[in-house]
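Accompanying notes for the structure given below.
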Amino acid sequence: MSELSNAHDRFFKVFLSNPQTAADFIRYYLPEQVSDHLDLSQLTLIEGSFVDEELQQHFSDLLYQVKRNNNADAYIYVLFEHKSYPDKLIAFQLLRYMTKIWQQFLKENNKTPLPPIVPVVIYHGQKNWKIALNFQSLFNDPGELSPFLPEFHYHLSDLSRYEDEEIKGDVILRTALLLDFGQSQLARHWPSKKKQLKN
């Protein structure tokens, strides 16, 4: 089922490459503390990928630049998790890619302050996501050393857990999410169905 999952992830990425659909996704599926402070009419897709070539079988990504309500720039970085199970090092991967984004910003603009990045992970694997949603959870009880360590939170959208009535957005986004939900259910039940078909 990995080929089916990867194909659908890339299909869903195409949907979110449309700024209007991406704006709807941010509006309905990200926390209000994020969406309420962004001017989603000024959402711009940044071309390219920040995922390491050797990991592109497992991840793909999208980067959007957006204006905040105070007219300052920000980024929404969306990482698609292609695996059927959660990756324990996802926060570490995000840190690497966020650093690449800031490096690109400095190369192109040669100025500070740096724009904030909101990292978003899209997942629809068969196993529940039980991994903490912050970077410092990777450390073994940092305690008094925690102020000296990087820290950020990422937003998880586990698409396989949405019910039909919870799906919102324009027609394109709802269609993509419904297709994703159907594919997730197929992946979850495929082993038993495949066994039945063989009998």
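Only the coordinates and a few stated rules stand behind these numbers; no lab work does. None of the values given here were measured: they were computed from a predicted structure. Please note: Cβ atoms are built from the backbone with ideal geometry, for glycine as well, and neighbour counts cover all protein chains shown.
Ordered by the count of other Cβ atoms within 10 Å of each Cβ, fewest first, 51, 121, 34 give 34, 51, 121. Couplings 3J(HN,Hα) for the range 43-55, derived from phi with the Karplus relation 6.51 cos²θ - 1.76 cosθ + 1.60 (θ = phi - 60°), are 8, 10, 6, 9, 5, x, 10, 10, 6, 4, 4, 6, 9 Hz, where x marks Gly and Pro.
A crude spin-label estimate for the pair residue 39 and residue 108, with each label 7 Å from Cα along the Cβ direction, gives 1.8 nm. Residues whose amide H comes within less than 5 Å of that of residue 152, counting only those at least five positions distant or on another chain, are 135, 136 (H built at 1.01 Å from N in the peptide plane). Residues whose amide H lies under 5 Å from that of residue 121, counting only those 5 or more places away or on a different chain, are 79, 155, 156, 157; hydrogens are built 1.01 Å from N in the peptide plane.
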